[in-house]
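Report on the structure given below.
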């Protein structure tokens with residue numbers, strides 16, 4: 001990676017307003033009144049709706065004197081088709097002057113698309129990141145978006161991205177713009193008690209990779225200087241994002257295994273919720289890189305894998321799981337770009353880990369954790385073989401927005417090696 005001719009000297013940092021703690025979800029109505037809303041659309045998915053959490057939030061909104069309606073058709077791992085369904089519902093029943101997401105990253109991302117396409121002209125694919133879509137920027141502000149996560153992982157309540165599968169292309173991509181960042185994140189750890197162990201494991205790996213990837217991302221000073229109008233939310237690792245990422249890793253070290261083992265461990269649940277929020281505040285500004293770029297085609301090209309704890313009516317590789325499956329080998333590849341950061345991350349996750357401080361330390365810590373929480377043994381365990389690697393490389397190379405944040409240049413051959421070595425991790 002060539003040194004910049006005119007190095008960047010400015011980094012940016014953005015975050016939503018945050019309300020955290022048990023019972024916070026019961027105050028959403030008062031929050032919407034403060035934001036000036038009168039009609040609010042609650043967006044969720046059928047599984048989360050069955051837990052009663054969206055109804056609880058809707059009741060709090062009604063009690064505050066607002067008109068509210070619930071859309072419970074969000075798709076787990078959103079697709080272009082499922083987002084269009086949600087957008088159509090919102091357009092037909094609107095106008096809405098606030099959108100409230102109750103659920104995991106899928107519900108929050110669906111709500112982002114609804115907020116975007118009910119306040120701005122054009123169609124969904126106009127806004128999807130290039131080269132898959134048109135990369136159009138919103139012309140108008142979005143209505144207030146309140147994100148109430150019920151899973152601990154995606155960090156979507158803090159970020160400026162909406163992730164989706166484009167079915168015809170069999171690729172996972174996204175829409176990225178600063179206006180997609182929620183206005184308010186309401187993180188209530190009590191809502192995560194119904195999260196199954198398999199979901200806790202997959203979403204926990206998403207937290208972990210968010211923190212690790214942002215901590216090891218290219219430093220903001222390694223980019224060419226940008227003009228003010230060129231600045232993007234993901235600007236590379238920087239001192240503020242580093243603090244959030246490191247704290248997230250420390251929280252995960254003590255809580256991740258416990259939360260998977262015992263869903264009623266409320267302290268572990270609270271620590272996981274904090275870790276998810278902190279990691280979101282980190283990667284939502286620094287960015288992510290190779291594991292997330294690989295995850296998009298791994299999830300988008302799935303054949304018949306059905307993970308425990310998720311809806312069994314369709315095949316899927318949950319996002320957090322897809323991210324984790326190539327993470328050990330990705331961090332082995334990036335080690336020489338920032339050895340100290342990789343070693344520090346490993347020590348934060350496993351202070352007593354044996355082994356020399358070399359390229360194998362962080363991968364060993366990761367695979368130990370993955371085994372303990374029940375993550376599959378590499379991409380081979382979710383249905384991929386060596387013959388699939390070229391197609392996965394092609395899909396990952398389309399994620400240039402992510403790969404640009406990697407701490408070293410990534411070629412097709414590099415990705416092919418990472419994916420091949422990730423067919424079986426242990």
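For every residue, the table says whether it meets (1) surrounded by 17 or more Cβ atoms within 10 Å (Cβ to Cβ); (2) in contact (Cβ under 8 Å) with a residue 24 or more places away in the chain.
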| position | (1), (2) |
| --- | --- |
| 214 | yes, yes |
| 222 | yes, yes |
| 240 | no, yes |
| 244 | yes, yes |
| 247 | yes, yes |
| 256 | yes, yes |
| 268 | yes, no |
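No other residue among 374, 383 is under 28 Å from residue 166 (Cβ atoms) and either surrounded by 15 or more Cβ atoms within 10 Å (Cβ to Cβ) or not assigned by TED's automatic domain parsing to the domain that holds residue 276 (or both) apart from 383. Considering only residues in the stretch 142-161 that are in a loop (DSSP other than H, G, I, E, B) and modelled with pLDDT of 95 or more, the one that is farthest from residue 21 (Cα to Cα) turns out to be 142.
Can you spot a residue in the stretch 285-305 that is more than 25 Å from residue 132 (Cβ to Cβ) and touching a helix residue (DSSP H, G or I) at 6+ places or on another chain (Cβ under 7 Å)?
Filtering the stretch 285-305 for residues more than 25 Å from residue 132 (Cβ to Cβ) gives none.
So far as the stretch 285-305 goes, no, none of its residues is more than 25 Å from residue 132 (Cβ to Cβ) and touching a helix residue (DSSP H, G or I) at 6+ places or on another chain (Cβ under 7 Å).
Yes/no per residue for (1) farther than 23 Å from residue 241 by Cα; (2) part of a helix (DSSP H, G or I):
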position	(1), (2)
348	no, yes
359	yes, no
389	yes, yes
396	yes, yes
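Residues considered: 420, 405, 409. Of these, the only one that is more than 23 Å from residue 248 (Cβ to Cβ) and part of a loop (DSSP other than H, G, I, E, B) is 409. Are any of the residues in the stretch 99-120 surrounded by fewer than 24 Cβ atoms within 10 Å (Cβ to Cβ), touching a helix residue (DSSP H, G or I) at 6+ places or on another chain (Cβ under 6 Å) and touching a residue at least 24 places away in the same chain (Cβ under 8 Å)? Yes. Among the residues of the stretch 271-289, those identified as touching a strand residue (DSSP E or B) at 6+ places or on another chain (Cβ under 9 Å) and either surrounded by fewer than 22 Cβ atoms within 10 Å (Cβ to Cβ) or within 20 Å of residue 148 (Cβ to Cβ) (or both) are 273, 274, 276, 277, 280, 281, 284.
Right, residue 217: touching a helix residue (DSSP H, G or I) at 6+ places or on another chain (Cβ under 6 Å), assigned by TED's automatic domain parsing to the domain that holds residue 330 and either assigned to a helix (DSSP H, G or I) or at positive phi (or both) or not?
Answer is no for this residue.
Among the residues making up the stretch 162-203, those that are more than 27 Å from residue 56 (Cβ to Cβ) and in a strand (DSSP E or B) are 164, 165, 166, 171, 172, 173, 174, 175, 176. In the stretch 182-201, of all residues being in contact with a helix residue (DSSP H, G or I) (Cβ under 8 Å, 6 or more places away or on another chain) and surrounded by fewer than 22 Cβ atoms within 10 Å (Cβ to Cβ), the one that is nearest to residue 22 (Cα to Cα) corresponds to 190.
The values are calculated or read from the model by the stated rules, or taken from the named source; none is laboratory data. Every value quoted in this text rests on a predicted model; they were computed, and no experiment measured them. Cβ: placed from backbone, ideal geometry, glycine included. Neighbour counts: every protein chain shown.
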